[in-house]
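Peer 1: Please see the structure below; I have some questions.
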Amino acid sequence: MHMQTQTRPKVLSVLVLEDRIDAASAIQFKERMRDLTQAATSRVVLDLGRVQFLDSSGLGAIVAVRKLLAPDRVLELCALTPTVEKVFRLTRMDTIFTIHPTHAAAVAHASGG
Amino acid sequence: MPPVAEAPVSDRVLHLSFAADPLSVREGLARIMASPGLADLDPGHRASIELVLAEVLNNVTEHAYGAAGATDRIGITLRHVPAGLSCQVVDSGRPMPQGRLPRGALPQAEFPEGGFGWHLIRTLTRDLSYARYDGQNHLGFTIPA
């Protein structure tokens, strides 16, 4: 599971460099996120711009990461592709997560907040 | 194990059989999505097809079979019909609990890590049917165009 991080004051960005988070990779994703966010202090922005497909296992893993970071740190999402957006909308998880249209918008929002 | 027994019965029907484990499911799904009849469908319909099939196939792998054995296989037949894509999925795993399909209510927990699958299947399909005979589960549904 390839991921890339970028650290700014108060925000850690994680870019997923895979085209899917599915049943075959959900556990790896969760474990990588646990490792990568250990040093995070407040906000974590997960950039899903390269992810073309997410199933319910992948969604469950993202929710698990949100739980892992709570209550001191918050997980926000950005750059959802159409299929991924559809999964969030149909499961109403779009009402639980803060979702930004782009990474730039997410960073601007995070640094202002 | 790579998918085998791929048989394009006609250009309207696709049959595949593959091992019931997450990587084989991923590979089988990639084959299905790249097959001639499906590659040209509109992106929204393709998204629904890939999502529903992933959920159904993952359910068979995780729940009907559980810990995968070497002989656990899933058969899937796809047929283009006027209403969309008609799908039949057959496995030899355990029957559905109480012989019925889950309702698919959305989970109410604060951090739900599961329980989304059947909600997605029920939302994106029509004419969902389930039967158990000859020691096999037979799941049928249509994914509307």
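Peer 1: Residues that are in contact with a helix residue (DSSP H, G or I) (Cβ under 6 Å, 6 or more places away or on another chain): find the helices (runs of 4 or more DSSP H) completely inside the range A:35-113 holding 2 or more of those.
Peer 2: Where helices (runs of 4 or more DSSP H) fall fully within the range A:35-113 and carry at least 2 residues being in contact with a helix residue (DSSP H, G or I) (Cβ under 6 Å, 6 or more places away or on another chain), they are A:56-69, A:82-90.
Peer 1: Okay, next question. Within the range B:65-90, take every residue that is within 14 Å of chain A (Cβ to nearest Cβ) and at pLDDT 90 or above and give me the one that is nearest to A:Thr81 (Cα to Cα).
Peer 2: The extreme case among them is B:Ile74.
Peer 1: Give me a count of the residues in the range A:54-86 that are among the β-branched types (Val, Ile, Thr) and within 7 Å of chain B (Cβ to nearest Cβ).
Peer 2: Residues in the range A:54-86 being among the β-branched types (Val, Ile, Thr) and within 7 Å of chain B (Cβ to nearest Cβ): 2 in total.
Peer 1: Just to be sure before I move on: is B:Gly114 modelled with pLDDT of 90 or more and either away from chain A (no Cβ under 14 Å) or part of a loop (DSSP other than H, G, I, E, B) (or both) in the structure I sent?
Peer 2: The answer is no for B:Gly114.
Peer 1: A follow-up question, please. Kindly list the number of the only condition in (1) exposed (fewer than 14 other Cβ atoms within 10 Å of the Cβ); (2) among the hydrophobic types (A, V, I, L, M, F, W, C); (3) free of Cβ contacts under 8 Å to residues at least 12 places away in the same chain; (4) under 19 Å from A:Thr91 (Cβ atoms) that fails for B:Ala39.
Peer 2: (4)
Peer 1: Further question: Within the range B:8-57, count every residue that is more than 16 Å from B:Thr142 (Cα to Cα), among the β-branched types (Val, Ile, Thr) and more than 14 Å from chain A (Cβ to nearest Cβ).
Peer 2: Summing the residues that are more than 16 Å from B:Thr142 (Cα to Cα), among the β-branched types (Val, Ile, Thr) and more than 14 Å from chain A (Cβ to nearest Cβ) in the range B:8-57 gives 1.
Peer 1: Checking the condition free of Cβ contacts under 8 Å to residues at least 40 places away in the same chain and among the charged types (D, E, K, R), which residue from A:Asp47, A:Asp94 passes?
Peer 2: Being free of Cβ contacts under 8 Å to residues at least 40 places away in the same chain and among the charged types (D, E, K, R) holds for just one of A:Asp47, A:Asp94, which is A:Asp94.
Peer 1: Suppose we filter B:Leu78, B:Leu101 for residues that are in a loop (DSSP other than H, G, I, E, B), touching a residue at least 24 places away in the same chain (Cβ under 8 Å), on the phi < 0 side of the Ramachandran plot and surrounded by 14 or more Cβ atoms within 10 Å (Cβ to Cβ); which single one remains?
Peer 2: The conditions single out B:Leu101.
Peer 1: Looking at (1) more than 14 Å from chain A (Cβ to nearest Cβ); (2) in a strand (DSSP E or B); (3) crowded, with 17+ Cβ neighbours inside 10 Å; (4) in contact with a Gly (Cβ under 9 Å, 6 or more places away or on another chain), which one does B:Gly93 not meet, given that it meets all the others?
Peer 2: Result: B:Gly93 passes all but (2).
Peer 1: Sort out which residues of the range B:86-145 are under 17 Å from the mean Cα position of the chain (by Cα) and hydroxyl-bearing (Ser, Thr, Tyr), and write them in order of number.
Peer 2: Correct list: B:Ser86, B:Ser92, B:Thr123, B:Thr125, B:Ser129, B:Tyr130, B:Thr142.
Peer 1: Can you tell me how many residues in the range B:117-141 are away from every other protein chain (no Cβ under 14 Å), touching a helix residue (DSSP H, G or I) at 6+ places or on another chain (Cβ under 9 Å) and under 23 Å from B:Ile49 (Cβ atoms)?
Peer 2: Here the count works out to 5.
Peer 1: Among the residues of the range B:112-133, which ones are loosely packed, with under 14 Cβ neighbours inside 10 Å and of a type in the set (Phe, Trp, Tyr)?
Peer 2: Passing the criteria: only B:Tyr133.
Peer 1: Could you identify the single residue in A:Thr41, A:Thr5 that is at pLDDT 95 or above and surrounded by fewer than 19 Cβ atoms within 10 Å (Cβ to Cβ)?
Peer 2: Answer to the check: A:Thr5.
Peer 1: Determine which member of the set B:Pro107, B:Pro144 is in contact with a Gly (Cβ under 8 Å, 6 or more places away or on another chain) and either more than 14 Å from chain A (Cβ to nearest Cβ) or closer than 17 Å to B:Ser17 by Cβ (or both).
Peer 2: Answer to the check: B:Pro144.
The values are calculated or read from the model by the stated rules, or taken from the named source; none is laboratory data. Remember, it's a predicted structure, so these values are computed and weren't measured experimentally. All Cβ positions, even for glycine, are placed from backbone atoms using ideal geometry, and neighbour counts span all protein chains on display.
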